[in-house]
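Heads up, the thing below is written out as structure tokens.
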Amino acid sequence: MTEGPGKEGFETLAIHAGQEADPRTGAVVPPIYAVSTYKQDGVGGLRSGYEYSRTGNPTRAALEECLAALEDGVRGLAFASGMAAEDTLLRTICKPGDHVLIPNDAYGGTYRLFSKVLARWGVEWDAVPLGDVEAVRAAVRPGQTRAIWVETPTNPLLGIADIAVLASVAHSAGALLVVDNTFASPYLQQPLALGADVVVHSTTKYVGGHSDVVGGALVVRDAELGQELAYHQNALGAVAGPFDAWLTLRGVKTLAVRMDRHCDNAERVVEMLLDHPRVSSVLYPGISTHPGHEVAAKQMRRFGGMVSFRVADGEDAAVEICGRTRVFTLGESLGGVESLIEHPGRMTHASAAGSPLECPSDLVRLSVGIESVEDLLADLRQALA
Ligand SMILES: *Cc1c(COP(=O)(O)O)cnc(C)c1O
């Protein structure tokens with residue numbers, strides 16, 4: 001996580017990368033360029049390269065440049081949602097007959113994209129436990145496996161995968177390593193520096209951070225792959241609109257301070273839950289007995305704001321607790337300033353029932369927000385009482 005010589009710090013990049021003051025007016029924030037087309041000075045005479053906003057838009061370009069800087073990549077691309085980013089990536093790198101390894105506890109939407117959509121287009125996939133490197137190595141099909149798809153930490157079980165080790169497994173088989181960095185955010189983890197080829201984000205979550213916009217992004221460290229992705233971003237057209245890009249840029253400026261507070265609050269919540277008689281286990285990579293703790297400590301700055309726990313009295317009690325909080329809002333999604341609580345088995349992961357992704361029915365997932373920590377602790381205590 002150390003910055004190279006002459007390179008600006010993360011917080012500086014979050015506020016300034018891609019966001020020079022507007023050359024015409026000096027506006028310190030990039031304007032929302034709500035425009036579809038651009039006047040040409042004679043046929044083909046583009047001003048600053050813009051011709052049509054699916055292909056390029058200055059507000060989106062500011063976000064793309066900022067995200068590339070934050071992930072230490074050469075190119076960033078912003079999409080209408082995380083799923084749009086994933087779809088564009090997979091349709092760029094895969095063709096019928098190719099094979100992809102995905103985590104056996106992948107994000108539900110990612111699992112659905114592979115199992116219900118891409119399978120019909122002849123893309124094969126296997127779900128493997130990414131924490132088990134030998135299992136991953138055994139599942140790779142040299143010459144056919146096009147990518148290993150990594151999530152770390154995973155949702156909702158907070159499993160950890162070793163990005164550097166999996167990058168070498170992927171590369172020795174001629175495959176790409178893709179990391180969905182949504183849970184960690186670029187502030188806590190920089191996959192490209194660990195050997196990954198592509199970073200995926202649902203910017204809907206921590207990057208945007210305010211639960212007010214849906215978006216996605218890809219960042220790569222190879223310019224040629226970046227060019228191919230830009231070609232498909234334009235060809236497929238699932239781009240971020242200018243207002244969405246602007247909201248995401250507004251959110252990302254405070255990513256570092258928000259993440260530090262998310263982590264502070266999550267650590268306090270974990271401490272309380274570990275001592276609570278109604279909680280049978282707490283899933284958080286910051287706990288020294290977590291099976292992925294050492295790897296997480298090596299590749300993450302801190303351990304994040306997501307905490308899951310299992311309720312000693314089972315499913316009904318878990319569901320009841322989710323309905324009793326007052327500061328934690330019962331809802332799906334994560335990564336916003338406000339705390340959220342949910343029951344993955346009946347909510348975000350309901351569609352995984354009966355699949356390898358089914359999660360324990362006594363599991364509760366928290367997205368710990370940045371409210372006063374004493375209020376969060378008191379709320380959970382009364383819900384658990
Ligand atoms: C939410 C999420 C996605 C999908 O992103 P959308 O913006 O909802 O399309 C992908 N991966 C992870 C880990 C997510 O949490």
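Highest GNM mean-square fluctuation among 218, 158, 46, for the chain modelled with Cα contacts below 10 Å: 46. Using Cβ point charges alone (K and R +1, D and E -1), the dipole size of the chain about the Cα centre works out to roughly 700 debye.
The distance separating the Cα centre of the stretch 151-180 from that of the stretch 18-84 comes to 31 Å.
Cross-link partners for residue 95 among the lysines, with Cα-Cα distance under 27 Å and sequence neighbours closer than 8 places in the same chain left out: 116. Where in the stretch 326-352 does the label zone of residue 278 land, with the point 7 angstrom along Cα→C-beta and an amide N cut-off under 16 Å? Of the residues in the stretch 326-352, 326-330, 341-343 have backbone N under 16 Å from the label point off residue 278. Which of the lysines could a cross-linker bridge to residue 298, judged by Cα under 16 Å and excluding same-chain residues fewer than eight apart? List returned: none.
For the chain, the antiparallel share of DSSP beta bridges with both residues in that region comes to about 55%. The overall shape of the stretch 10-252 is prolate: from the C-alpha gyration tensor, with semi-axes ordered a ≥ b ≥ c, the ratio a/c is 1.5 or greater and a/b exceeds b/c.
Highest mobility in the GNM of the chain, judged by mean-square fluctuation with C-alpha springs under 10 Å and restricted to 147, 17, 138, is found for 138. Separation of the stretch 276-293 from the stretch 238-269 is 26 Å, based on Cα centroids. Starting from the Cα gyration tensor of the stretch 200-306, take the square roots of the eigenvalues, sort them a ≥ b ≥ c, and report rounded, prolate or oblate (rounded when a/c is under 1.5, otherwise prolate if a/b is larger than b/c, else oblate). Prolate, since a/c reaches 1.5 and a/b exceeds b/c.
Result for the chain in a Gaussian network model with C-alpha springs under 10 Å: among 259, 306, 83, the largest mean-square fluctuation is at 83. Overall form of the stretch 1-66: prolate. Here a/c, set by the Cα gyration tensor axes a ≥ b ≥ c, is 1.5 or more, and a/b is the larger of a/b and b/c. Shown here for the stretch 20-98: GluC sites (Glu not before Pro) in loop regions (DSSP other than H, G, I, E, B) with at most 15 other Cβ atoms within 10 Å, namely 20, 51. Filter the trypsin sites (Lys or Arg not before Pro) in the stretch 322-366 down to the DSSP loop ones having no more than 12 other Cβ atoms within 10 Å, then list what survives. Passing both the DSSP loop test and the Cβ count: 326. Please list, by residue number, everything in the stretch 57-100 whose backbone N is under 12 Å from a paramagnetic label point 7 Å out along Cα→Cβ of residue 21. Within reach of a label on residue 21, which here means backbone N under 12 Å from a point 7 Å along Cα→Cβ, the stretch 57-100 contributes nothing.
Each value in this text was obtained by applying a stated rule to the coordinates, not by laboratory testing. Everything quoted here is computed from the prediction, not taken from an experiment. Neighbour counts are summed over all protein chains in view; Cβ atoms, including those assigned to glycine, are modelled from backbone coordinates with ideal geometry.
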